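One structure is given here, and the rest of the page talks about it.
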Amino acid sequence: MSSQRLDRIRLSGDVPRHVAVIMDGNGRWARQRSLPRQLGHREGMESVRETIEGAIEVGMDVLTLFAFSTENWNRPQREVSALMSLLQRYARKEPDELKRQGVEVHVLGDLDRIDNRTRRAVETIVEGTAGGSELRLNLMISYGGREEIIRSARILTERVARGELLPEEIDDEVLSSTLFTAGLPDPDLLIRTSGEYRLSNFMLWQLAYTELHISPVLWPDFDRESLFEAVLDYQRRERRFGRVEAT
Ligand code: FPP
């Protein structure tokens, strides 16, 4: 499908390699329609499909989606179960299509906390899409940014205790190599939907220099065009990484 926005993105050529998304607003979308919150999440799955398609069309390398946070465990049990069922359904249904698209799925987070059924389903999607080379898709599940940094601190202190690493050898690169996202570029662009200006414990280390795009659109209404709009906004930014403007 042709899109004027996509044409403009391609003309500019400055494509973000890694885009991360906080998918927010499913509950509000459902409430506006007097529907149960779960139906908002279900509708949000279609936006996930659209966003993956759009990411491939734009030519990104990595797309990272915040699907379930460590804080989300505190939601009512019924909603947690509904979200886990949705993940299972997605993980069982989608591998063939994702494989055809060349998407390689990775699931990142504290997976020890998820139930066996969901874990098995998640393994199915990871194994079924291994080797895809068009797009790497990170699904962040049971993920928290602070928890990830604490995990890194533990990994590094254990290495120091074993005598494999000196404290002064710990730098940006060494710490990055212990994160779930080891080996990946940091996100160039973070999109948060539903107009909220918060990071909500998402990728706290990796987002240090990331451009932010806050979209007013509720996640279930987010589509390819909304993604293209965010990328165009990114292309209008001048990224300086703390340096002064080039002369
Ligand atoms: C935030 O909306 C969204 C979530 C907590 C879950 C995100 C899950 C999906 C989009 C569907 C499943 C995803 C995959 C990858 C299969 P909210 O409930 O916080 O909305 P609200 O702020 O309006 O209440």
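Just checking, does region 17-26 include any residue being surrounded by fewer than 19 Cβ atoms within 10 Å (Cβ to Cβ) and touching a residue at least 24 places away in the same chain (Cβ under 8 Å)? Even if it seems obvious, please write down each step before you answer.
First, pick out the residues of region 17-26 that are surrounded by fewer than 19 Cβ atoms within 10 Å (Cβ to Cβ): 17.
Next, only the ones that are touching a residue at least 24 places away in the same chain (Cβ under 8 Å) stay: 17.
For region 17-26, residues surrounded by fewer than 19 Cβ atoms within 10 Å (Cβ to Cβ) and touching a residue at least 24 places away in the same chain (Cβ under 8 Å): present.
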Within region 60-77, the residues that are out of contact with any helix residue (DSSP H, G or I) (no Cβ under 8 Å at 6 or more places or on another chain) and either in contact (Cβ under 8 Å) with a residue 24 or more places away in the chain or near the ligand (Cβ under 7 Å from one of its atoms) (or both) are Met60, Asp61, Val62, Thr64, Phe66, Ser69, Glu71
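So, Thr129, is that one at pLDDT 95 or above, within 16 Å of the ligand (Cβ to nearest atom) and crowded, with 17+ Cβ neighbours inside 10 Å or not? Step through it out loud before you land on a result.
Numbers: at pLDDT 95 or above: yes; within 16 Å of the ligand (Cβ to nearest atom): yes; crowded, with 17+ Cβ neighbours inside 10 Å: yes.
Judged against the criteria, Thr129 is a match.
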Within region 3-39, residues being under 22 Å from Asn201 (Cα atoms), within 16 Å of the ligand (Cβ to nearest atom) and of a type outside the set (D, E, K, R) number 8
Counted residues in region 149-188 being within 20 Å of the chain's Cα centre (by Cα), without any contact (Cβ under 8 Å) to a residue 12 or more places away in the chain, at negative phi and not in a helix (DSSP H, G or I) come to 2
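The values are calculated or read from the model by the stated rules, or taken from the named source; none is laboratory data. The shown structure was predicted, so the numbers you read here are calculated from the model rather than taken from an experiment. Note that each Cβ is placed from the backbone with ideal geometry, even for glycine, and that neighbours are counted across all protein chains shown.
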